[in-house]
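Have a look at the structure below, then the notes.
Any read-out appearing in this document is the output of simple, stated calculations on the displayed coordinates, not a laboratory observation. None of the values given here were measured: they were computed from a predicted structure. Using ideal geometry, Cβ is built from the backbone for each residue, glycine included, and neighbour counts are taken over all protein chains shown.
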Amino acid sequence: MEVNRPDTVVPTGQHGGQGGAGQRHREESEPKPEAQPPGDPEAFEVEGLAAEITPAAQAALDALVAEIEPLRYQLKLAGEREARLKEDIARHAFLGVPSRREFMRELGHVLAHVEQLTTAPSVVVMHVAGADAIRRRHGRGPYEGALKHVADAIRASVHPTDAFGSLGGHDFGLVLLVADPVLARERARQIAEALNGKPYAPAAGLPLDVIFGVAALTARLSPDAALAYADRDMVANFGK
């Protein structure tokens, strides 16, 4: 009696049967559970790396923050002091107008771009010749008040395009962008006459005696040279 046997016997697990390669394929394709960071449940993951804040690490961070905070406060104070110093440099101590340094910076800026202007600008130097007499007769308070009175009057007369500031001592400077020397001289004369015609009350009996000089601004001049020309013009007109 013949027994019919299959020509090929396939062992279990070799070609998709239970287990074997098929089983391994299914196991590899199934997602694996994410690894939980060990230790403290407050542990967190940073850029794929498990990390945790231990009590010792937290204490070190707290100590570092305690050291940084005073430094941050000192840095803030230093920044505020620097801002105040810059403002002090840019402003006259008691006149409240730009200082000589700031005025010279503005004058230099105008000279650097004078060839691009459509009108000829001028610089005016105004000198309070009566200030010394007020200082000797009435003291520092009226002296400073007289200079501030002059500064306020000049500032009220300038246009938004003009530059104005203290040159130190009893001198003030004006940069008139839209004024050739003829027009600049007329404007300076009007300011001087208004001040001289109305004496400063706390120094009654002593005239302010404001005088002035004018110079045209050209590209070949430096700020110091421009002021020197205005000074010469003042001496030529009022030094007699």
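Note on segment 108-223: the alpha carbon radius of gyration divided by the globular reference 2.2 N^0.38 Å gives 1.13.
Evaluating 6.51 cos²θ - 1.76 cosθ + 1.60 at θ = phi - 60° for every residue in segment 101-112, the Karplus couplings come out as 4, 5, 5, 5, 5, 5, 4, x, 5, 5, 4, 5 Hz, glycine and proline recorded as x. The rule of thumb for compact globular proteins, 2.2 N^0.38 Å, goes into the C-alpha radius of gyration of segment 200-240 1.60 times.
In this rough spin-label picture, where each label sits 7 Å from Cα along the Cβ direction, the THR118-ASP132 distance is 4.6 nm. Take the Cα of GLN190, step 7 Å toward its Cβ, do the same at ALA156, and the gap between the two points is 1.4 nm. Distances between placed amide hydrogens fall under 5 Å for VAL97 paired with HIS92, all partners being 5 or more residues away or on another chain.
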